[in-house]
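The values are calculated or read from the model by the stated rules, or taken from the named source; none is laboratory data. Please read all numbers here as calculations on a predicted model, not as lab measurements. For neighbour counting, all protein chains shown are included, and Cβ atoms are generated from backbone atoms with ideal geometry for every residue, glycine included. These accessible areas exclude ligands, DNA and RNA; they are computed on the full protein's heavy atoms, side chains included. Shrake-Rupley method; radii C 1.70, N 1.55, O 1.52, S 1.80 Å.
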Amino acid sequence: MRDPRHDILFEPVKIGPVTAKNRFFQVPHCNGMGHAMPLAHAAMRETKAEGGWAVVSTEECEIHPSGDLTPYVEARLWDDRDIPALALMCDKVHAHGALAALELSHNGPTASNLYSREVLIAPSPQPTKYGYPHQARAMTLHDIREYRRWHREAAIRGKRAGMDIIYVYAAHDLSLAMHFLQRRRNQRSDEYGGSLENRVRLLREVLQDTKDAVGDTCAVALRFAVEEGLGSGGVELAEAQEIVGMLAELPDLWDVNLAAWYNDSVPSRFAAEGAQEPFIAFVKKTTSKPVVGVGRFTSPDTMVSQLKRGMLDLIGCARPSIADPFLPKKIEEGRADDIRECIGCNVCVSGDMTISPIRCTQNPTMGEEWRKRWHPERIAPKRSAARVLVVGAGPAGLEAARALGQRGYEVSLAEARRELGGRVARESRLPGLAEWARVRDWRIGQIRKLANVAVYLDSALTAQDVLDFGAEHVVLATGCRWRHDGCGRSHGFAIPGLAENPRVFTVDDLMDGRLPEGKVVVYDDDGYYHASVAAELLRLRGCEVIHLTPEDSLAPWTLNTLDYRHVRKRMAELGIEALVSHEVTGYAGSALTVEDVWTHRQRELACDAVVTVTARLPDDALYQELCRREAEWMDAGVSSLRCIGDAEAPGLIAHAVYAGHRYARELEEPADGEVAFRRHFHSADADDLRRPHGQPPGRRSQETL
Ligand code: ADP
Ligand code: SF4
């Protein structure tokens, strides 16, 4: 039974000519599949619709080859041949009673045109942001008319595809409609530049064009950034308030957020749930049209509060809908404690950044809906009465035990420590990572509901214990530990003076409470988050900290998760010194020898301690011993042994969760051939696109692929 306090979330909302069945709105989000993988894309969006979202949006959609985003893979509506891919998504979303929304965009100087090789266009001449170091030319009045035509025609194509809501996009510093607003990008002296009225002109025209073209049946939404944090060269809150006032009643829906993307999808390390509220609160007071906004909302109580306090009319979610596509359904059915809450790690963003299908730390099925036919809520029942022993209760072991339990297997989960969660439990106690504990907490909550999963704490199993236990299937998820000797990406060998040196610490030492004092060098040869988190911890404990890396920038992989700017800012604010392009080559006494990676010039750096964040070693001794004793398995009743997660190959928490889930999915299932997933444009699978939604060739298939 649903909590009556949450009833308000299930009220319908009229948006122009269409009605959202409830207040859950999956705002546009990138996914690395886009136009290149339309079947996977449509299946992913369908899962959201099935999970109860009233509106399911695309990512940004290119409207013309002069706004080509290659190599990023977004939606595309350059001409009629692009319609079927989006029609497929619409059909699948509509099948569950949800509305489909399309975010049209021409990215002007923030496109790349790497594929189309068109000259980039912008309000004024300016360097481009992506692609080659090229410049965009200023748009003539003819170009502006053309841009309006492309937008109008794309809107009509969207309507033909079956879209219910068409977005005009003026957010994230990514679209011409926004670029014309920004003084730093728009220095025109004609009627489209200068005064605010002039800079808003194009946005107003495009909104009106879109309403005229498709507004009879489609709602027209405006996605608008209210603050860029760049001072008067960018959109600032005071000016944004004026703009919302000027356009208040023109769109059917206001979707408001912060720019750029790194200020919108801020990692949980740097912003809490609902962090955009102070910026967007004014919008509802300025317009009578419905307002949607985001804030990594996962708590139904927070959502209700947003509505009741008059902040929003619709709860916008990208990441929470990725982590749990069934979030609305769970609230509707009074199962809010089943919500798999987003942890704000932004691994989902890395799919777009690395131009590969989306993945999620919390939801291992994300991006696999079509490819592997994985459903976030359903899983095949067990194939036999076999018992399964899972050793290690980190993210891999917990997820394996949970999903095996869901399949109905009798599962025993043994953990050496007195707490569950492995690295997640330990890392979540480091500065800024508290929300990551949700990876553990959700799984423990689910396992508690499964009578067929038994959990044993304080149970460090030996190989003999495993054999004596007598389970048919054994899966080892025993994790890994950080190396002490400096061996890592840059160094294939141990660095002299580091191994066995009591002045050298690892991230494991810090998590175990063994902390250095005085002047500490954090040696980062890993490039992701651990080193900056360690530096922060030590600085907060009063150490003088130098963050040293052979890379040319600190924590370069964090660019993929939108952490980078926030990390740099925090390191600078905390007074943590950055020393880039330097290697550690030795440590004797208190003298650390460092070497400039370009000149090879060496110098000594006096420090009291070094924290190595270089590489990890799998904790696979148990696996190795059991492999050596394979001859004893049959007598012990063991028919299969697997090693998964960090114990197999140390990686992200996302890798460990995925490994645990995959193990559970595949146990006793027949292999699907050599390649374990479906591929786009494999002739048999491409048929799905020609006959969307299992229909015989008909309306859609008349559009040429
Ligand atoms: P992963 O990320 O692959 O899940 P973790 O390092 O987070 O790996 O978790 C591994 C867990 O396995 C840790 O909690 C650790 O205490 C536990 N573990 C390691 N060896 C054993 C063992 N022999 N018996 C039981 N638990 C073990
Ligand atoms: Fe949330 Fe991380 Fe999943 Fe993205 S990858 S949806 S931030 S849990």
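Here are some notes:
- Arg157 at pLDDT 95 or above and open to solvent by 50 Å² or more (accessible area, probe 1.4 Å): no
- On inspection, Gly394 fails the criterion of being within 13 Å of ligand 2 (Cβ to nearest atom), over 16 Å from Arg340 (Cα atoms) and either among the small types (Gly, Ala, Ser) or without any contact (Cβ under 8 Å) to a residue 24 or more places away in the chain (or both).
- Within segment 100-128, the set of residues being under 29 Å from the mean Cα position of the chain (by Cα) and hydroxyl-bearing (Ser, Thr, Tyr) comprises Ser105, Thr110, Ser112, Tyr115, Ser116, Thr128.
- Boolean, Asp552 is more than 22 Å from Leu515 (Cβ to Cβ), open to solvent by less than 50 Å² (accessible area, probe 1.4 Å) and acidic (Asp, Glu): no
- Unmet criterion (only one of (1) within 12 Å of ligand 2 (Cβ to nearest atom); (2) in the same structural domain as Thr298 (by the TED database)) for Thr365: (2)
- So Glu668, is it acidic (Asp, Glu), away from ligand 2 (no atom under 16 Å from the Cβ) and farther than 21 Å from Gly367 by Cα: yes
- Single residue of Arg319, Arg371 found to be in contact with a Lys or Arg (Cβ under 6 Å, 6 or more places away or on another chain) and under 20 Å from Leu559 (Cβ atoms): Arg319
- Elements of the type strands (runs of 3 or more DSSP E) sitting completely within segment 1-77 and holding at least 2 residues that are among the hydroxyl-bearing types (Ser, Thr, Tyr) and in the same structural domain as Asn107 (by the TED database): these cover 55-62.
- Conditions (1) out of contact with any Phe, Trp or Tyr (no Cβ under 6 Å at 6 or more places or on another chain); (2) within 27 Å of Leu510 (Cα to Cα): number failed by Glu630: (2)
- The number of residues in segment 94-130 that are of a type in the set (Val, Ile, Thr) and assigned to a helix (DSSP H, G or I) comes to 1.
- Residue in segment 131-147 that is among the aromatic types (Phe, Trp, Tyr), out of contact with any Lys or Arg (no Cβ under 6 Å at 6 or more places or on another chain) and either open to solvent by 50 Å² or more (accessible area, probe 1.4 Å) or in a loop (DSSP other than H, G, I, E, B) (or both) present: yes
- Restricting attention to segment 78-91, the residues that are surrounded by fewer than 24 Cβ atoms within 10 Å (Cβ to Cβ) and either β-branched (Val, Ile, Thr) or not in a loop (DSSP other than H, G, I, E, B) (or both) add up to 6.
- Flag if Gly589 is open to solvent by 40 Å² or more (accessible area, probe 1.4 Å) and at pLDDT below 95: yes
- Here Val522 meets each of (1) under 18 Å from Gly651 (Cα atoms); (2) of a type in the set (A, V, I, L, M, F, W, C); (3) in contact with a His (Cβ under 9 Å, 6 or more places away or on another chain) with one exception, condition (1).
- Selection count where residues are hydroxyl-bearing (Ser, Thr, Tyr), assigned to a helix (DSSP H, G or I) and open to solvent by 50 Å² or more (accessible area, probe 1.4 Å), scope segment 209-242: 1
- Residues in segment 456-479 that are under 29 Å from the mean Cα position of the chain (by Cα), assigned to a loop (DSSP other than H, G, I, E, B) and not polar (S, T, N, Q): Ala477, Gly479.
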